[in-house]
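So the structure is just underneath, and the comments pick up after that.
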Amino acid sequence: MARIQAVEHSFAACPLPVGPGPSEAEAGAVDADVSGAVLRTARAVLAERVAQAAEIDASFAGDLAGRVADFTLDGGKRMRPRLLWWAMRACGGADAGSTAAALRLGVALELIQTCALIHDDVMDRSRLRRGKPAVHIGLATRAGLSPDSERGSAFGTSAAVLAGDLALVWADDTVTETALPAHVRHRIRTIWRSMRTEMVAGQYLDLHGQATGGSSAARAIRTACLKSALYSVERPLAIGAALAEADERTTAALRSAGRCAGIAFQLRDDLLGVFGDPAKTGKPSCDDIREGKPTYLLAVARTRAEAAGDDRALAVLGNAVGNPDVTEDGLADVRGVFESTGARAHVERKAERLRDHAVRRLGEAVDVDAHGGRQLFGLLRTVSGDSSGDSPDDTRGHERRAADRDLSAAEGGHVR
């Protein structure tokens, strides 16, 4: 296997300013460029973290802490901080204290995402992330070891686990050190604790499904909810609502909207992973099939093939799923099974219903015609895979009822 060249971290030499601009205490100034404001705040937070690491040990700071900082700053759409920000704004948050807190908590969300991605690449044995060597590959190479050797692989993997742990520690520290009124702090800490555990639970269910070779449709939805929807969408929205001190009804509607949008995103991502153009998606086609990921798409196809007594379809899936050496012809056969069983069409319809429910619930939570609500509306439509800009009033009654059932299955209860 060809050796991937390391890209050295550059955080320590970064010439860019690390502090926020003089007017960023004003919410209106952040509105114009939320991602930029979060990035500037992240530079300030991470500069302090790396400096503290350097006081402990120069090698630790240079090899590990700087790499975690670079990974967090380099790339990503800042979607979680943006969801947090616009949820806060849509719920009426605008004072200097909540503005500063929202930016810092946005950085904490970016750090917990860094933890998740680094660990995910280790578990999936991925060699690339954002077009660059994955952290475990870069760490092995920086130590003068081949990431393909037994010694280099063991070192890179172990060091990357520590890098992910460090990102999680920094995320927690950032939340703890953010100035908040006592009652708001308690509310946010409760959300934060739940989010961390849910993220780990989702990753475990994903690994368990791969190891056992299958998962029911309900289990696949539950995994998508825990691994993606909650920590990527619902919990950031809840944090934003907490910063604005939104009431219980508003927060519940926002959480419901976020959960539906997040699951819709994961379902569409699963479809793109099989049917998407790698040149547009930025990732290899059918990796989920090769790795045996227990996606909802796969679960539906298996269930329908079993119900129809379609032994050929089941044989195709059995030969390809979890087989890293599956041929392109084998993958084409899998796509054919997803089409012939109706699994692809079913998943597409389910994602659409969830999107429509997300839009409806958002309209119950905030004024989508006001500035903050309008921005959040567009963001949730993007997250759930739709950019048509239709009015939230365009959803139809039967679609709403179907979406209610979808969400109920994900939550293990009723729509809140």
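The values are calculated or read from the model by the stated rules, or taken from the named source; none is laboratory data. For clarity, every value in this text was computed on a predicted model and none was experimentally measured. No Cβ is skipped: glycine too gets one built from the backbone with ideal geometry, and neighbour counts run over all protein chains shown. Please note that ligands, DNA and RNA were not included when accessible areas were found on the heavy atoms of the full protein model with its side chains. Shrake-Rupley method; radii C 1.70, N 1.55, O 1.52, S 1.80 Å.
Per the conditions (1) open to solvent by less than 10 Å² (accessible area, probe 1.4 Å); (2) within 20 Å of Gly342 (Cβ to Cβ), the sole criterion not satisfied by Ala218 is (1).
Do you know which of the residues in region 289-301 that are part of a helix (DSSP H, G or I) and either in contact with a Cys (Cβ under 9 Å, 6 or more places away or on another chain) or buried (at least 20 other Cβ atoms within 10 Å of the Cβ) (or both) is modelled with the lowest pLDDT? Filtering first and then ranking leaves Ile289. Restricting region 168-193 to residues that are polar (S, T, N, Q) and surrounded by 15 or more Cβ atoms within 10 Å (Cβ to Cβ) leaves a set whose member that is nearest to Asn323 (Cα to Cα) is Thr174.
Restrict the check to region 67-77 and report whether at least one residue is under 26 Å from Ala27 (Cβ atoms), in a helix (DSSP H, G or I) and in contact (Cβ under 8 Å) with a residue 12 or more places away in the chain. The answer is yes; a qualifying residue exists. Can you spot a residue in region 48-65 that is at pLDDT below 85 and open to solvent by less than 30 Å² (accessible area, probe 1.4 Å)? No, region 48-65 contains no residue that is at pLDDT below 85 and open to solvent by less than 30 Å² (accessible area, probe 1.4 Å). From the residues in region 224-272 that are more than 13 Å from the chain's Cα centre (by Cα) and hydroxyl-bearing (Ser, Thr, Tyr), which one is farthest from Asp367 (Cα to Cα)? So, considering only residues that are more than 13 Å from the chain's Cα centre (by Cα) and hydroxyl-bearing (Ser, Thr, Tyr), the one farthest from Asp367 (Cα to Cα) is Ser256.
Within region 82-122, the only residue that satisfies the criterion of being touching a Leu at 6+ places or on another chain (Cβ under 7 Å) and open to solvent by 30 Å² or more (accessible area, probe 1.4 Å) is Arg82.
Condition check ((1) among the aliphatic types (A, V, I, L, M); (2) under 27 Å from Glu110 (Cα atoms)) across all residues:
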{"position": "Ala211", "(1), (2)": "yes, no"}
{"position": "Glu234", "(1), (2)": "no, yes"}
{"position": "Ile263", "(1), (2)": "yes, yes"}
{"position": "Asp277", "(1), (2)": "no, no"}
{"position": "Ala299", "(1), (2)": "yes, no"}
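When Leu139, Leu109 are checked against the criterion of being under 19 Å from the mean Cα position of the chain (by Cα) and part of a helix (DSSP H, G or I), Leu109 stands alone in meeting it.
When Arg304, Arg312 are screened for being in contact with a His (Cβ under 9 Å, 6 or more places away or on another chain), in a helix (DSSP H, G or I) and open to solvent by 20 Å² or more (accessible area, probe 1.4 Å), only Arg304 passes.
Of the residues in region 389-406, not one is modelled with pLDDT of 50 or more, hydrophobic (A, V, I, L, M, F, W, C) and assigned to a helix (DSSP H, G or I). Across region 123-144, which residue is modelled with the lowest pLDDT among those that are of a type in the set (A, V, I, L, M, F, W, C) and open to solvent by 30 Å² or more (accessible area, probe 1.4 Å)? Of everything passing the filter in region 123-144, Leu128 is modelled with the lowest pLDDT.
Checked against (1) at pLDDT below 95; (2) open to solvent by 50 Å² or more (accessible area, probe 1.4 Å); (3) not in a loop (DSSP other than H, G, I, E, B), Gln375 passes all but condition (1). Of all residue pairs spaced 6 or more apart or on separate chains, those with beta-carbon atoms under 8 Å, a first member in region 46-62 that is touching a residue at least 24 places away in the same chain (Cβ under 8 Å) and basic (Lys, Arg) and a second member that is assigned to a helix (DSSP H, G or I) and open to solvent by 20 Å² or more (accessible area, probe 1.4 Å) are Arg49/Asp173. Within region 327-347, the set of residues being touching a Lys or Arg at 6+ places or on another chain (Cβ under 8 Å) and either open to solvent by 70 Å² or more (accessible area, probe 1.4 Å) or in a loop (DSSP other than H, G, I, E, B) (or both) comprises Thr341, Gly342. Among the conditions (1) open to solvent by 20 Å² or more (accessible area, probe 1.4 Å); (2) among the acidic types (Asp, Glu); (3) more than 30 Å from Thr327 (Cα to Cα), the only one that Glu234 does not satisfy is (1).
Checked against the criterion of being in a helix (DSSP H, G or I) and either of a type in the set (Phe, Trp, Tyr) or open to solvent by 10 Å² or more (accessible area, probe 1.4 Å) (or both), the candidates Ala261, Ala241, Ala201 yield just one match: Ala201.
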